[in-house]
Amino acid sequence: MTKKQRYEGVIRYFLEHNPNAQTELIYHTPFELLVAVILSAQCTDKRVNMVAPDLLRAFPTPTKMSETTEEEIYEYIKSVSYPNNKARHLLAASQRIVNEYGGEVPSDYDAMLSLPGVGRKTANVMVSVLWNEPRMAVDTHVFRVSNRIGLTNNSKTPYETEMELTRNIPEEYIPQAHHWLILHGRYVCIARNPKCKDCGITEFCKYYASKMKDSDGK
Ligand code: SF4
């Protein structure tokens, strides 16, 4: 199977079976999404969705959050991973949004990337989810699943994965493909013991093909 056929097969499958894939993080404004994405690093979306509402009720805007302290933010988020760092980043990002961007989360990619606590993955999630820009955010699921299926060629870094997926997935599907791969990695192609018997893309999966070949040879 050529790489092109693999990509086409996988995209066709997800378009048919999950045409409305979207983030599981709950948000209503760009600021709420920013807060949720910063909180979600190394943490489950489920936990973030439990913690974020109270934090955002107390500090609903960048202005409100910029006027508080790390310690106060920490009290709301202490059950997520790395709460100290995240409290520091949320405060500093809010202050920068207020001081540099008039209190509105910037829509420009480089401006987004300049915010404290916002790396490439977070910036890509923000612009693709909010503004449908063709940027692929690579988290641990996207990284693992892409290598397993063979969409990437034993990629060594998230950046390599991002570049290869972006080169091969048509632009109009990139924002959605991010969610397809995350959800597939979260519920089917899990880290240990992927659930291949429940998977709809076995015929396009490199890992599955090699597993079948090994079991034939036994
Ligand atoms: S066949 Fe197995 S390894 Fe391949 S994508 Fe599906 S669950 Fe993952």
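The values are calculated or read from the model by the stated rules, or taken from the named source; none is laboratory data. It should be emphasised that the depicted structure is a prediction, and the values quoted were computed from it without experimental measurement. Ideal geometry is used to build each Cβ from the backbone, glycine not excepted, and the neighbour counts take in all protein chains shown. These area figures cover heavy atoms from the full protein model, side chains too; ligands, DNA and RNA do not enter into them. Shrake-Rupley method; radii C 1.70, N 1.55, O 1.52, S 1.80 Å.
May I ask you to verify whether Ser146 is under 22 Å from Ala209 (Cβ atoms) and either buried (at least 23 other Cβ atoms within 10 Å of the Cβ) or not assigned by TED's automatic domain parsing to the domain that holds Ser210 (or both)?
Working: under 22 Å from Ala209 (Cβ atoms): yes; either buried (at least 23 other Cβ atoms within 10 Å of the Cβ) or not assigned by TED's automatic domain parsing to the domain that holds Ser210 (or both): yes.
Yes; evaluated as a whole, the condition is true for this residue.
Residues Thr161, Thr152: which one is surrounded by 22 or more Cβ atoms within 10 Å (Cβ to Cβ), touching a residue at least 12 places away in the same chain (Cβ under 8 Å), touching a Leu at 6+ places or on another chain (Cβ under 8 Å) and not assigned by TED's automatic domain parsing to the domain that holds Cys43? Break it down into steps so the answer makes sense when it comes.
Details: Thr161 fails: touching a Leu at 6+ places or on another chain (Cβ under 8 Å).
Testing whether each residue is surrounded by 22 or more Cβ atoms within 10 Å (Cβ to Cβ), touching a residue at least 12 places away in the same chain (Cβ under 8 Å), touching a Leu at 6+ places or on another chain (Cβ under 8 Å) and not assigned by TED's automatic domain parsing to the domain that holds Cys43 leaves just Thr152.
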ask   = Across segment 95-141, what is the total count of residues that are in contact with a Gly (Cβ under 7 Å, 6 or more places away or on another chain) and farther than 20 Å from Glu67 by Cα?
value = 1
note = When Lys211 is run through (1) over 15 Å from the mean Cα position of the chain (by Cα); (2) under 22 Å from Ala21 (Cβ atoms), the failure sits at (2)
task = Scan segment 100-143 residue by residue and report those that are open to solvent by 60 Å² or more (accessible area, probe 1.4 Å), farther than 22 Å from Glu171 by Cα and outside any helix (DSSP H, G or I).
result = Gly102, Glu104
inquiry  = Which condition from (1) of a type in the set (Phe, Trp, Tyr); (2) open to solvent by 60 Å² or more (accessible area, probe 1.4 Å); (3) closer than 21 Å to Ala137 by Cβ is the one that Tyr76 breaks?
reply    = (3)
query = Does any residue in segment 25-44 that is in the same structural domain as Phe59 (by TED's automatic domain parsing) and among the polar types (S, T, N, Q) come within less than 7 Å, Cβ to Cβ, of a residue that is open to solvent by less than 20 Å² (accessible area, probe 1.4 Å) and in a helix (DSSP H, G or I) six or more places away or on a different chain, and which pairs are these?
reply = Ser40/Val48
key: Enumeration of residues in segment 203-218 that are surrounded by 15 or more Cβ atoms within 10 Å (Cβ to Cβ) and among the hydroxyl-bearing types (Ser, Thr, Tyr)   = Tyr207, Tyr208
query = Given Val105, Val138, which one is among the β-branched types (Val, Ile, Thr), more than 15 Å from the chain's Cα centre (by Cα) and away from the ligand (no atom under 16 Å from the Cβ)?
reply = Val105
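Restrict the check to segment 79-88 and report whether at least one residue is part of a loop (DSSP other than H, G, I, E, B), more than 21 Å from Asp45 (Cα to Cα) and modelled with pLDDT of 95 or more. Can you show your working first?
First, pick out the residues of segment 79-88 that are part of a loop (DSSP other than H, G, I, E, B): 79-82.
This time we only want the ones that are more than 21 Å from Asp45 (Cα to Cα), so: none.
Within segment 79-88 (the criterion being part of a loop (DSSP other than H, G, I, E, B), more than 21 Å from Asp45 (Cα to Cα) and modelled with pLDDT of 95 or more), the answer is no, since none of the residues qualifies.
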Residue count, segment 170-189 (criterion: part of a loop (DSSP other than H, G, I, E, B) and near the ligand (Cβ under 10 Å from one of its atoms)) = 2
